[in-house]
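Trainee: Sending over a structure as structure tokens; questions will come in a sec.
The values are calculated or read from the model by the stated rules, or taken from the named source; none is laboratory data. All values derive from a computational prediction rather than experimental measurement. Reconstructed Cβ throughout: ideal geometry from the backbone, glycine too, with neighbour counts over all protein chains shown. For accessibility, only protein heavy atoms count, side chains too; no ligands or nucleic acids. Shrake-Rupley method; radii C 1.70, N 1.55, O 1.52, S 1.80 Å.
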Amino acid sequence: MTINIAALGKHAKLALRLLVSWAILSSFLVTAHLISDYFAFSFPAPLSAMLALFLALQLGLLKLHWLQPGTQPLLNFMPLFFVPAAAKVVEHSPLIAEHWLVLLLCLFLVPALGLISIGFLMQWLRGTS
């Protein structure tokens, strides 16, 4: 039995890149939790971590290729995160069938009215019609 040293080195580099990527992602999340707990924000820490990560990427503080080894496996398993939500929809289908009109209005009318009102507000603030 022989061990291929070149392949071992390749796997070690991949493992190191994966660990660095996860360390960067985890540091943003832990920092967001610490800031949220210290200042008693009601804003969810994972969302503020994503916002900080987005800003770091946009400002060039982080490079996308630093994060890709850790994010690609997460994206591959992302559909599994929606299974519990789908199960709850099936579980509450009688309630959904009873209040379908209100749910449709909430899902479509409310965002549409919000977008329209924001559009009018922006036009009014800019002084255009």
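Trainee: Only residues that are open to solvent by less than 60 Å² (accessible area, probe 1.4 Å) and either more than 19 Å from the chain's Cα centre (by Cα) or not hydroxyl-bearing (Ser, Thr, Tyr) (or both): list them for segment 13-26, please.
Mentor: 15, 18, 23, 24, 25
Trainee: Another question, then. Filtering segment 30-49 down to residues that are open to solvent by 70 Å² or more (accessible area, probe 1.4 Å) and among the aliphatic types (A, V, I, L, M), which residue is farthest from residue 73 (Cα to Cα)?
Mentor: The extreme case among them is 40.
Trainee: Let me ask another. Within segment 31-47, work out how many residues are among the hydrophobic types (A, V, I, L, M, F, W, C), over 15 Å from the mean Cα position of the chain (by Cα) and at negative phi.
Mentor: Residues that pass the stated criteria total 4.
Trainee: For segment 98-129, give me each residue that is open to solvent by 70 Å² or more (accessible area, probe 1.4 Å), among the polar types (S, T, N, Q) and assigned to a helix (DSSP H, G or I).
Mentor: Within segment 98-129, 123 is the sole residue that qualifies.
Trainee: Scan segment 86-97 and give yes if some residue there is basic (Lys, Arg) and either in contact with a Gly (Cβ under 7 Å, 6 or more places away or on another chain) or not in a helix (DSSP H, G or I) (or both), otherwise no.
Mentor: no
Trainee: Select from segment 50-67 the residues that are in contact (Cβ under 8 Å) with a residue 40 or more places away in the chain and open to solvent by 90 Å² or more (accessible area, probe 1.4 Å) and list them in ascending order.
Mentor: Passing the criteria: only 66.
Trainee: If residue 74 passes every condition in (1) modelled with pLDDT of 90 or more; (2) open to solvent by less than 100 Å² (accessible area, probe 1.4 Å); (3) of a type in the set (A, V, I, L, M, F, W, C) but one, which one does it miss?
Mentor: Failing condition for residue 74: (1).
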